[in-house]
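Shown next, in structure tokens, is the structure this report addresses.
The values are calculated or read from the model by the stated rules, or taken from the named source; none is laboratory data. Keep in mind that this is a model prediction, so the values were computed, not measured. All Cβ positions, glycine included, derive from the backbone under ideal geometry; neighbour counts span all protein chains shown.
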């Protein structure tokens, strides 16, 4: 047996040129591109990406009237939940991609390749970036479309907009990390279930005694509860800190995956330290809010909004709004002017004060009713505008023009005034019957019912409803002239519904009017 | 005739799995061309190949290949860039096309220029005669085609050192012949270490042969030298000769015996297999009719 040792001086022909660090990075990027393409071709990712884009497109296409006046500090948050299914699909598929070698027995071959396992893990992580970018594009498109509407209200937050894409990115990275920690195919699904339960728990916690703890969850659902929006500075959402926290988490999870796969280089260790620092900074930043000042600001906005609002005058009336709603004041003025144009007597010259109000006593953006104002001439308006909120506001304005105060609706108005209020609202409306149906709580134009308003609704008896229906069937100019002519009678609590019908020349409803309906 | 320059040298490579010496002081040297690695099951062939392919480090000993010392991280990286490795049971990503799989391997070999890499992938797929099916998913390919995909993956990047672990196992004769042609071509200008059970492979392909048994090198030389070991030690007889180390009935009905022939025995022309059998310890190799 020969065991002669010789010095090797020869090299094989045709070898690739020795490659430097730049090309090593290039190789990682090339693999990331390859894996990104593979990810995009995975059925779950493709399906949920298409569903996400389709859902967003549909949401932007099929909108109601209120969508013409989007409040941007809710629009930004509304972009966060839709990408969740895409995130789950990405988590499952990035996990499968990272486990591919193990599953198909190519570990043995690939372990002797120039690219070390930790660089392959980095490529897997990077392969999820395009989907996060796609999500960011959809989010940006959705927000931009809303923000460019002439009626757009307020401003959004980059931090809130970043949550959707960052959650998608984090899901992808988590899938890769899970492949290192628990290299089992069922691990992602178990993780998704556990993560969902944790997020529900975090939401519960955030709505109870420790609201700040909830911010440790990647996505904070509380605050998107369907109530009316509030000014941005009252939200108390540390969106920028939270985005930083998520960014740090993404980096920390990436570093964990790299370290677990053998990438214990100085660069990775330094990046880990930085990632942990960023995560900690984000987490701490979320917690260190001046809650007392925030509560005080919310209380001020609820109880003495005039301190933080600016007002403008139109035709003798005053319109006061929170700073972000300044642009809607002209629309309020147009409604008041329209309603007033149908009125008679001194109401045609009446000055009203339109005051925007919110109620944060029960929490932010929770469903709560505003109490009607008892101050003469004051009309309340909420923070939603457009769609049904326009005739609702008109009801409030008409109530003040007819009855003097909003809180008149808290007492039974079983007389001509309710008919007059509804005529002022509907007699100047381009589609009165449709609006009548929409503005009523029961979506009907017959029988007794409650007409919605920004504060207390207006109760209509079946007789009042019948008279309003009759009025809407008659020529508008004729009724308008009669309303103006009999204004003092029609705005008197002593004039019955039947007498109002007679004054306006329409059929008197049969039977006795019940005011308890 | 001048001796070709040595490209791979190994000194005293040892590796234990538990209490078993998978490799026990293996020293060898390889030159350009195809070197066959013969040995019975459990001889340590696969372990030696895995060590030389840098898949596992030896417990003791060292080696250099193509001037690179895999004991250092820089040397290991340089060697891996110059290495093509076809394991005994190569894995595949069944949903990848043949092209995508080889492209994937090319990326792992850090061939970064996309256009050049794709040219290289097409070249190796052409070389293994898979150009027509490169767009087909691997799960749709036959076993022989998959084996050629694995060879293409080993060849991509034009590696200077090719380590092939029993690449012809499971192939039918036609496919095996085709594969031999491919390996012969691959051996031109490269150092190829071919592990095999098939002495025909070695006889047809290899300019050198190493016989390994029980983790030790039992022979290192040319196939002719291994064959020459059996000169005068192969004979025929009507019955199996009990003194023979090995013997088997041939197609003509007579027995071919290997060992120390009796006086007056009818000597036969030795083959590589005869030399191989004689090289192995008689305890580790018993061949009977």
Failed criterion for residue A:108 (all others in (1) away from chain B (no Cβ under 11 Å); (2) free of Cβ contacts under 8 Å to residues at least 12 places away in the same chain hold): (1)
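Residue by residue through segment B:241-257, note down the ones that are in contact (Cβ under 8 Å) with a residue 40 or more places away in the chain and within 17 Å of residue B:278 (Cβ to Cβ). Give the derivation first.
At the first step, the residues of segment B:241-257 found to be in contact (Cβ under 8 Å) with a residue 40 or more places away in the chain are B:245-249.
If the condition is that a residue be in contact (Cβ under 8 Å) with a residue 40 or more places away in the chain and within 17 Å of residue B:278 (Cβ to Cβ), then B:245, B:246, B:247, B:248 are the ones that fit.
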Here is a check on your reading of the model: is residue B:84 assigned to a loop (DSSP other than H, G, I, E, B), crowded, with 16+ Cβ neighbours inside 10 Å and facing another protein chain (nearest Cβ under 10 Å)? no
Which residues, counting only those in segment B:51-65, are buried (at least 24 other Cβ atoms within 10 Å of the Cβ) and at the interface with another protein chain (Cβ under 8 Å from one of its Cβ atoms)? B:53, B:65
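Of the residues that make up segment B:115-124, is at least one out of contact with any strand residue (DSSP E or B) (no Cβ under 6 Å at 6 or more places or on another chain), without any contact (Cβ under 8 Å) to a residue 60 or more places away in the chain, in a helix (DSSP H, G or I) and facing chain A (nearest Cβ under 8 Å)?
In the first step, residues of segment B:115-124 are kept if they are out of contact with any strand residue (DSSP E or B) (no Cβ under 6 Å at 6 or more places or on another chain); the result is B:115-124.
Restricting the remaining residues to those that are without any contact (Cβ under 8 Å) to a residue 60 or more places away in the chain gives B:115-124.
With the extra rule that they be in a helix (DSSP H, G or I), the set shrinks to B:115-124.
Filter once more, so that each one left must be facing chain A (nearest Cβ under 8 Å): B:117.
Yes, some residue in segment B:115-124 is out of contact with any strand residue (DSSP E or B) (no Cβ under 6 Å at 6 or more places or on another chain), without any contact (Cβ under 8 Å) to a residue 60 or more places away in the chain, in a helix (DSSP H, G or I) and facing chain A (nearest Cβ under 8 Å).
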How many residues are closer than 25 Å to residue A:114 by Cα and either over 18 Å from the mean Cα position of the chain (by Cα) or touching a residue at least 60 places away in the same chain (Cβ under 8 Å) (or both) if we restrict to segment B:1-12? 3
Does residue A:506 qualify as being surrounded by 17 or more Cβ atoms within 10 Å (Cβ to Cβ), at pLDDT below 95 and over 18 Å from residue A:444 (Cβ atoms)? yes
Going through segment B:133-177 in order, the residues found to be in a helix (DSSP H, G or I), over 17 Å from the mean Cα position of the chain (by Cα) and away from chain A (no Cβ under 14 Å) are B:133, B:140, B:143, B:144, B:145, B:173, B:174
Determine if segment B:31-44 includes at least one residue that is facing chain A (nearest Cβ under 8 Å) and at pLDDT below 95. yes
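So, in segment A:1-51, of the ones that are under 45 Å from the mean Cα position of the chain (by Cα) and facing chain B (nearest Cβ under 7 Å), which residue ends up modelled with the lowest pLDDT? Working first, answer last.
The first filter runs over segment A:1-51 and keeps only residues under 45 Å from the mean Cα position of the chain (by Cα), leaving A:22-51.
With the extra rule that they be facing chain B (nearest Cβ under 7 Å), the set shrinks to A:23-24, A:26-27, A:30-31, A:34.
On the way: A:23: 83, A:24: 91, A:26: 94, A:27: 95, A:30: 97, A:31: 97, A:34: 97.
The qualifying residue modelled with the lowest pLDDT is A:23.
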Within the group A:466, A:453, A:397, which residue is part of a helix (DSSP H, G or I), touching a helix residue (DSSP H, G or I) at 6+ places or on another chain (Cβ under 6 Å) and in contact (Cβ under 8 Å) with a residue 24 or more places away in the chain? A:397
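Scan segment A:91-104 and give yes if some residue there is within 15 Å of residue A:135 (Cα to Cα) and either modelled with pLDDT of 95 or more or within 14 Å of another protein chain (Cβ to nearest Cβ) (or both), otherwise no. Before the answer, list the steps.
Here is the first cut: in segment A:91-104, the ones within 15 Å of residue A:135 (Cα to Cα) are A:91.
Checking which are either modelled with pLDDT of 95 or more or within 14 Å of another protein chain (Cβ to nearest Cβ) (or both) leaves us with A:91.
Checked against the condition, which is being within 15 Å of residue A:135 (Cα to Cα) and either modelled with pLDDT of 95 or more or within 14 Å of another protein chain (Cβ to nearest Cβ) (or both), segment A:91-104 yields at least one hit.
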Let me confirm something: among A:350, A:342, which residue is in the same structural domain as residue A:480 (by TED's automatic domain parsing), surrounded by 20 or more Cβ atoms within 10 Å (Cβ to Cβ) and modelled with pLDDT under 95? A:342
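From the set of residues in segment A:104-133 that are out of contact with any strand residue (DSSP E or B) (no Cβ under 8 Å at 6 or more places or on another chain) and part of a loop (DSSP other than H, G, I, E, B), which is nearest to residue A:249 (Cα to Cα)? Can you show your working first?
Step one: list which residues in segment A:104-133 are out of contact with any strand residue (DSSP E or B) (no Cβ under 8 Å at 6 or more places or on another chain), which gives A:104-108, A:110-111, A:113-133.
Then drop every residue that is not part of a loop (DSSP other than H, G, I, E, B), which leaves A:105-106, A:111, A:113-116, A:128.
On the way: A:105: 32, A:106: 31, A:111: 29, A:113: 30, A:114: 29, A:115: 26, A:116: 24, A:128: 15 Å.
Selected residue: A:128.
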Consider segment B:142-174. How many of its residues are touching a helix residue (DSSP H, G or I) at 6+ places or on another chain (Cβ under 9 Å) and within 22 Å of residue B:109 (Cβ to Cβ)? 21
